1. Could you state the orientation-averaged shadow area of the convex hull built on the Cα atoms of chain B, in nm² to one decimal?
2. Over chain A, calculate the relative contact order: mean separation of alpha carbon pairs under 8 Å at least 6 apart, over the residue count, as a percent.
3. Would you mind calculating the relative contact order of region A:463-538 from Cα pairs under 8 angstrom and at least 6 residues apart, reporting the percent as a whole number?
4. Between the helical axis of A:432-453 and the dominant principal axis of chain A, each derived from Cα atoms, what acute angle in degrees is found, rounded to the nearest 10?
5. Between region A:442-474 and region A:215-266, what is the C-alpha centre distance in whole Å?
6. Would you list the P(r) distribution for region A:340-478, with all Cα-Cα distances sorted into 10 Å bins from 0 and each bin expressed as a whole %?
7. Quick one: of the DSSP bridges fully inside chain A, what percent are antiparallel, nearest 5?
8. Binned at 5 Å from 0, what are the whole-percent values of the Cα-Cα distance distribution for region A:340-411, short to long?
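No lab work stands behind these numbers, since they all come straight from the coordinates. Note that the structure is a prediction, hence the values are computed from the model and not measured. Cβ sites come from the backbone with ideal geometry, for glycine too, and all protein chains shown count toward neighbours.
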């Protein structure tokens, strides 16, 4: 217990130190220390009064070095007035302000006042100090069935550099059981609270050590390492992935572990262990997962309403003192809840710390992965952190995504405040990803086209290659011919349709006009087909199919003539105003031939198509 | 937090992603099929390069956006 000898030294030093800062006097100082969780929270409410002639602009708060090393957070708020007339509160900026002649075992913090305190005025300041690693397990090692006991050391007198007129300290412990506590004058223990004081008229730096030894089975979940990765996608999602390495930070477990004992009487044989962790995720969180290196962990539950999503996770085994586990949780959040735009820049507004209840994070790394193409990046965090920048490669990236890395040690739930990442991003860059996919598919098609057009034959003069070339030519010619014949057949249909129109409307002129157009078109087509036919005839490869093709052409021409004939006859009859029955009789024989020819042409076309 | 800030949401509502993916992939695959049918049936003489390239381009636009929406719908936010 070397610390106590050093405390005595402090006390001696303090005696010499007193007068230097005696302008301010603390008229009332109340301290409440909360030991109900692994994180020790001390709220100090003090009323300072200026007795000296000079105005004062700052108030010094001092903590012994061993406490200051574990100080995770120090916030001071000043309030003007009292009781019902309490004015607005102001957050006081705090900085380390070590006087040159102070002993190194005392760390000084200065709270800068919003306005100077002149003679005779007083001010109420509320201070919150959060300490980690302050509770010491004693005994340091326990077995499965033993309760967990902790030692807490503090001074009953706040080591203030000012004179304190009246002060008291209240310590709250988790249960009504207590092992032992230092009894000073004016000490009272009731209802799980120990009250020291009030003590009147204490000189500066007075020190009176107390030790409290108490049982606590609260979860001592300490995340030795937490990496939070927040990835923004402008397609509508903020993906959060958290990698935890959690250890039970209480008394080390010794001896053997009996699963049977734990299972049958968990509150007696395993009181110091914790089974689950509760994470409070933002509302509308979706796609939540919980896994570790060997896969999904199925022991988790989700409860949710419109204001929050509760995720209860259970590690693979109950956590005893010193036991360690690592896992990953991940969830997606809707973009519009966290990403905002103002004055041309975009910013992400999201909480900093871990969403777990009452977890202490020793090393927190927050990575914010911005979309590719983000520029002018800046971060604003409400407390000092270490910042750096890196690049992350993910899906469909070329240059990589700019990533902001923010690191902080000893993060407590009080650090779970909103922080902002500002950046510039153009919506055009959103199209790079689909364009890459499109380019990928297109290059596939281009490869196909090139393959189909390329000629991979090694020997360009071999007989089979030449034969193949000729055959390709024949096929091409046949395709063109087929095209022409199809167009002829279309013209035939048009002529037939004009006849039907004629019978309905009796408009001879229109019918004649259609006939004239058809005549011209058919003439052109037959002109077009002539060189193709002669090409086919000259090609030896086409020898076996040429008769069929020729037959098709001949039959088609025959059909064409018959249809023309029929057309002429019908039109003539209309001009001579013959009766409908008469026309039908005259055309009947031709019509029969046309039907037969049509059938034959259709068969031939089908045959040619199959080539 | 700045008061005048407006929330940013995705250019296409996320609820549409699955149907957009199915629709665009279906259209893209049909056009791809027609491209390959054309490649296989036309002879090298009668094939037109412009038609091939245009069909391929249209098919890849549909397939590209279709696969993007498929990724988004399945939770891979690119």
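1. Spelled out: convex hull of the Cα atoms, projected over all directions, averaged, 7.5 nm².
2. Over chain A, the number comes to 10 percent.
3. Computed over region A:463-538, the figure is 43 percent.
4. Orientation of helix A:432-453: about 30 degrees from the principal axis.
5. Taking the Cα centre of region A:215-266 as reference, the centre of region A:442-474 is 65 Å away.
6. 10, 25, 19, 12, 9, 8, 8, 7, 2
7. DSSP beta bridges in chain A are roughly 90 percent antiparallel.
8. 3, 14, 22, 22, 19, 12, 7, 2, 0
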